[in-house]
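Asks: I have a structure here, written as structure tokens, and I will follow up with some questions on it.
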Amino acid sequence: MFDSNDMLRRLVLKGAGYAGFARLAQPLLGGIGAILMLHRVTACPQKPDGMNRHLSIAPAFLDALIADMKTQGYAFVTLDEALARTGQGQGRFATITADDAYRDNLTEALPMLEKHDAPITIYVAPGLTDGSVALWWEVVEDVVNARDRVVVETANGPVRLDCSTPRARLRASAWLERHLTATMSEEGRNATLINLAQANGVDPYAPNRDTLMNWDEITRAAAHPLVTIGAHTVHHYHLRRLNEETAGREIVQAGRIIEERLGVRPRHMLIPTVIRALSGPEK
């Protein structure tokens, strides 16, 4: 999972000049097959030093990564072919996936994939696409960037988060992420987030509109021969925090909605998970 290893990316980009990535990453690549899991691919991240910087790589990095892995003998294949090759001894292979259907997957990543004839599976959460739930991890950053101090109402009283410096904003973002994903219910988080955003002058749905593909763009991506569309549940909920009925509905309805929109039922689903930050608010 390369998008969570910022230290390795920086080593490659700054110290190795893109060369030899596959050798440097051998402990991550493991056996003969690899899945490269992406989120954002953009040359111009809006918050390069923010809490979510680990979710973004540059198109040039993706280009160099694929090229270097090819020199190490990796063939880039579809997810279906990767599954078929597992355990078959057909040589090294890799497949690329991207979560959440960010617009730059279409505008900045796809040209790199075309250059290398490398397929990708893009996982769509219809609730994020439709705007029925906010892209909460992006809204958290917008909130802490909006004020020098943010007050969050909790069951134990108000918590005041210092957001006056870059370091303080990182700590505030980490605390808010943990609060929203550990103490809030999955279904109740959106209402809490909207209230917090609006109280601090932030549009909670701007990140959905500004950074995610709309259905027309997803339809265009789905028509591309290198692109497969998969499901990512309806609302991007962490299913282990839901009851069985709700979790089942998230899984089944995601496929139905995508089929209604695209005319093809997705063959693959990726279940969202949450990696919580460990730091707390600045005292």
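Asks: Could you tell me whether the range 69-85 includes any residue that is closer than 30 Å to THR192 by Cα, open to solvent by 20 Å² or more (accessible area, probe 1.4 Å) and modelled with pLDDT of 95 or more?
Replies: no
Asks: Moving on to the next point. Tally the residues that are among the hydrophobic types (A, V, I, L, M, F, W, C) and part of a strand (DSSP E or B), restricting the search to the range 97-141.
Replies: Of the residues in that region, 4 qualify.
Asks: Looking at the range 165-179 only, could you name the residues that are over 13 Å from TRP136 (Cα atoms) and in a helix (DSSP H, G or I)?
Replies: Hits for the range 165-179 are PRO166, ARG167, ALA168, ARG169, LEU170, ARG171, ALA172, TRP175.
Asks: Related question: Select from the range 43-63 the residues that are open to solvent by 20 Å² or more (accessible area, probe 1.4 Å), aliphatic (A, V, I, L, M), without any contact (Cβ under 8 Å) to a residue 60 or more places away in the chain and not in a helix (DSSP H, G or I) and list them in ascending order.
Replies: ALA58
This table checks each residue for (1) within 19 Å of ALA231 (Cα to Cα); (2) open to solvent by 10 Å² or more (accessible area, probe 1.4 Å); (3) without any contact (Cβ under 8 Å) to a residue 12 or more places away in the chain.
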residue	(1), (2), (3)
ALA98	yes, no, no
ASN105	yes, no, no
LEU113	no, no, no
ASP117	no, yes, no
GLY131	yes, yes, no
TRP137	no, yes, no
VAL144	no, no, no
ARG147	no, yes, no
ALA172	no, no, no
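Asks: Going through the range 64-78 one residue at a time, which ones are among the aliphatic types (A, V, I, L, M) and assigned to a loop (DSSP other than H, G, I, E, B)?
Replies: Passing the criteria: only VAL77.
Asks: Can GLU187 be described as at negative phi and assigned to a loop (DSSP other than H, G, I, E, B)?
Replies: So GLU187 passes the test.
Asks: A further question follows. Here is a list: ASN156, ASN200. Which entry is surrounded by fewer than 22 Cβ atoms within 10 Å (Cβ to Cβ) and over 23 Å from GLN46 (Cα atoms)?
Replies: The conditions single out ASN156.
Asks: Would you check if there is a residue in the range 160-167 being free of Cβ contacts under 8 Å to residues at least 60 places away in the same chain and among the hydrophobic types (A, V, I, L, M, F, W, C)?
Replies: Yes, the range 160-167 has at least one match.
Asks: Filter the range 211-233 for residues that are assigned to a loop (DSSP other than H, G, I, E, B), open to solvent by 40 Å² or more (accessible area, probe 1.4 Å) and under 14 Å from PRO126 (Cα atoms) and give the result.
Replies: ASN214
Asks: Exactly one of these conditions fails for ILE66: (1) out of contact with any Ser or Thr (no Cβ under 9 Å at 6 or more places or on another chain); (2) surrounded by 16 or more Cβ atoms within 10 Å (Cβ to Cβ); (3) at pLDDT below 95. Give me its number.
Replies: Only one criterion in (1) out of contact with any Ser or Thr (no Cβ under 9 Å at 6 or more places or on another chain); (2) surrounded by 16 or more Cβ atoms within 10 Å (Cβ to Cβ); (3) at pLDDT below 95 is unmet by ILE66, namely (3).
The values are calculated or read from the model by the stated rules, or taken from the named source; none is laboratory data. This one's a predicted model, so the numbers in the text were calculated from it and none came from an experiment. So basically every Cβ, Gly included, is an ideal-geometry build from the backbone, and we count neighbours across all protein chains shown. Ligands, DNA and RNA are excluded from the accessible area calculation, which covers all protein heavy atoms including side chains. Shrake-Rupley method; radii C 1.70, N 1.55, O 1.52, S 1.80 Å.
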